[in-house]
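Each remark here refers to the structure printed beneath this line.
The values are calculated or read from the model by the stated rules, or taken from the named source; none is laboratory data. A quick note: this is a predicted structure, and the numbers were derived from the prediction, not measured. Glycine gets a Cβ as well: all are built from the backbone with ideal geometry, and neighbour counts include every protein chain shown.
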Amino acid sequence: MTNAQKWVAAFLGFFLILFLLGRITRKEEPTMPSTMGQMGQQTTQTTSDADGQTLTKQLGCISCHGDNLQGTQMAPALANISTNWTRDGLINYLRNPSSYSGGARFDEYREKYKSTIMPSYGNRDVKELGRIAEFLLTK
């Protein structure tokens, strides 16, 4: 075995040891970001079976829209949104809010809430977004 082969073998062995140590000592991270009011608290319900209200809290909706989604200076109220949205329309909006830039209502929101941008939830499971939409449409 040449010196170069020994160095490569040593490097690969060291890398393998570090990789295994990393896997052994890795902590499970929560898949949902904490909301501002619930930093550090873990939920007992997994996201796959969480209801719409729990999901809105886990996603941090209350940090902008208020504890009861009544609206704040950062974002509008989410009560009575069934007058403007259908379930499918709301799911599509949650997946890509920036694509809904037209219309007087959105112009009014942009003017009133200049410093806030609605985040996109396109990376979320559509079933979760459906539960969120159903919850919001019944508020």
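Here are the numbers:
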item	result
Scope region 92-129; condition β-branched (Val, Ile, Thr) and over 20 Å from GLY66 (Cα atoms); matching residues	VAL126
SER101, sole failed condition from (1) under 19 Å from MET74 (Cα atoms); (2) surrounded by 12 or more Cβ atoms within 10 Å (Cβ to Cβ); (3) at pLDDT below 90	(2)
THR138, sole failed condition from (1) under 16 Å from THR83 (Cα atoms); (2) touching a helix residue (DSSP H, G or I) at 6+ places or on another chain (Cβ under 6 Å)	(2)
Which listed residue, of LEU90, LEU136, LEU94, is outside any loop (DSSP other than H, G, I, E, B) and within 14 Å of the chain's Cα centre (by Cα)	LEU94
Candidates ALA133, ALA77 - the one that is surrounded by 14 or more Cβ atoms within 10 Å (Cβ to Cβ) and in contact with an Asp or Glu (Cβ under 9 Å, 6 or more places away or on another chain)	ALA133
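Every residue, every condition in (1) surrounded by fewer than 11 Cβ atoms within 10 Å (Cβ to Cβ); (2) modelled with pLDDT under 90; (3) hydrophobic (A, V, I, L, M, F, W, C), yes or no:
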position	(1), (2), (3)
ALA9	no, no, yes
GLY13	yes, no, no
ASP49	yes, yes, no
ILE81	no, no, yes
